[in-house]
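A.B. asks: I'd like to ask you about the structure that follows.
The values are calculated or read from the model by the stated rules, or taken from the named source; none is laboratory data. Since the structure is predicted, the reported quantities are computational estimates derived from the model, not experimental observations. So basically every Cβ, Gly included, is an ideal-geometry build from the backbone, and we count neighbours across all protein chains shown. For the accessible areas, the whole protein counts, side chains as well, though only heavy atoms, and no ligand, DNA or RNA atoms are used. Shrake-Rupley method; radii C 1.70, N 1.55, O 1.52, S 1.80 Å.
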Amino acid sequence: PTMKLLTRRSGASLRCVLAARLALVFGVVTTALAVQRTCAFSINWPLSRRGRLSSFACRSEAELSDGQPHLIEFFTMDMCPYAQRTWILLEEKGLPYARKLVDVRNQSQRKWYIEHINPLGKVPSIRDLSDGTVLYESEIINEYLEQKFTGATAAARLLPDDAAGCAKVRLWNHHLNNQLAPAHFTYLMNKDAASESEKLMALDRTLQYYEDRIVEPYLMGEQFTLADVSALPFFERLVFSLERSKNYSIPSNMQI
């Protein structure tokens, strides 16, 4: 199923890019790289299955392409993978939103942001203008938006209909947050030659978890879910950063 998806040109779609990224870990390396070029993907651009390509500059307080009023204020910072999780979801669900850039290193901006939006001083955060709800933490935001704005069609749903399926999505995200992301960062930043092999083995174990459990074509099978939304920014960084900094390649036992 992954090969079929990768070899079918569907324009600049989020699914195309995600499949390419996951395939880099799950074996279809050559085809994945080809699809990545076809989709013209950059980690600065979220791509939706509707074929829309949105850069950070294309949304502003004063302008929306469809002329609709803003529904969500989206507080973000360039290049943050956690913020990109929420950005992908907003694009996937087609919600009208206004992007609010926050420089948390700027003391005056940070002071206002902590007092009025997020006491933790991190991104992403949102303000739902329909009722004034303010939320932070990417997975909490994404589940809120998914539950509140679930569309009538299955294509618009990013959580399974059953309790077991929702729990499995959360398990995927738990592994990503608590195993893969820390192992990636620890290995990437390691300067101690004596512990390099140990940290690499830890990363390989976290990747093997995906290899053993992925259903295909997405993490939960046929349905594109919040697990895939959460994974995409991190796999993008993992592949790029480790190839560039560590000359790391995908383990041979994970390649077809």
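A.B. asks: From the list L176, L171, L188, L145, which one is open to solvent by less than 60 Å² (accessible area, probe 1.4 Å), among the aliphatic types (A, V, I, L, M) and under 18 Å from Y218 (Cβ atoms)?
C.D. replies: When all the criteria are applied, what remains is L176.
A.B. asks: Restricting the range 73-100 to residues that are assigned to a helix (DSSP H, G or I) and polar (S, T, N, Q), which is nearest to F149 (Cα to Cα)?
C.D. replies: Only one residue tops the list, namely T86.
A.B. asks: Restricting to the range 237-256, name every residue that is open to solvent by less than 30 Å² (accessible area, probe 1.4 Å), in a helix (DSSP H, G or I) and modelled with pLDDT under 85.
C.D. replies: V239, M254
A.B. asks: Tell me which residues, restricted to the range 75-103, are over 18 Å from A227 (Cα atoms), of a type outside the set (K, R) and open to solvent by 30 Å² or more (accessible area, probe 1.4 Å).
C.D. replies: Passing the criteria: M77, D78, M79, G94, L101, D103.
A.B. asks: Can you pull out every residue in the range 208-218 that is part of a helix (DSSP H, G or I), touching a residue at least 24 places away in the same chain (Cβ under 8 Å) and closer than 12 Å to W172 by Cβ?
C.D. replies: Y209, Y210
A.B. asks: Anything in the range 192-248 that is within 25 Å of T86 (Cβ to Cβ), out of contact with any Lys or Arg (no Cβ under 7 Å at 6 or more places or on another chain) and of a type in the set (G, A, S)? List them, or say none.
C.D. replies: G221, A227, A231, S241, listed by residue number.
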